[in-house]
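Structure first, then comments.
None of the figures in this text is laboratory data; all of them are computed from the coordinates on show. As the structure is a prediction and not an experimental result, all values here were calculated from the model.
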Amino acid sequence: MDSQSLPLAPEPAERPAVLVSACLLGVACNHRGEGSPDPAVLALGASVRLIPVCPEVAGGLPTPRLAAERGPDGWVRSADGDDVTAFYERGAAHALALARVTGSTRAVLKARSPSCGSGQIYDGSHRRVLRDGDGVTTEALRGAGIQVVSEEDL
Ligand code: SF4
């Protein structure tokens, strides 16, 4: 039997693609160089196709890196006061492109991150004060009609 006559393996049923913060799957990509594996997010992998993304790494930032927060003016500044907004915007554009190419219409992103946070993020004072608002990537995804929740919403 030549390779062309081998029976094809059955195609698995197509599962919906869901964008997910890579750190929630255990990738050590947060600013401390650690992951935040979340059992509920990992369990989602049984029913959907998880598409991992770390917008801060994709935007060109190193790991580990200085903590950063997004102030009410929308700018992101690191703990030493540097404006790092451009890195966050590049990462958001990458995440949006990845969502489009994979057909992801939903995302599960890490709570309170200046990239991935949804609904509440730290306010830019670097004093661990929360404010209402979205991270840069969440804002871009929501603006494109993609549904974003955090791991705490599962
Ligand atoms: S940018 Fe998002 S995926 Fe990357 S470490 Fe921060 S919260 Fe996790």
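Structure notes:
- Gyration tensor (alpha-carbon) shape descriptor, region 20-64, a/c threshold 1.5: oblate
- With q set to 0.21 Å⁻¹, the log10 of I(q)/I(0) for region 89-132, from the Debye formula over equal scatterers at the Cα positions, is -0.74.
- Theoretical gain in end-to-end length, VAL101 to LEU130 [0.36 nm per residue, Cα-Cα removed]: 7.1 nm
- With respect to the chain, whose longest principal axis is taken over its alpha-carbon atoms, helix 85-102 is tilted by about 20°.
- Close amide H contacts of CYS54 (hydrogens built in the peptide plane, cut-off under 5 Å, sequence separation of 5 or more or a different chain): ALA22.
- Calculated SAXS-style log₁₀ I(q)/I(0) at q = 0.13, 0.15, 0.16 Å⁻¹ - the chain, Debye, Cα scatterers: -0.57, -0.72, -0.81
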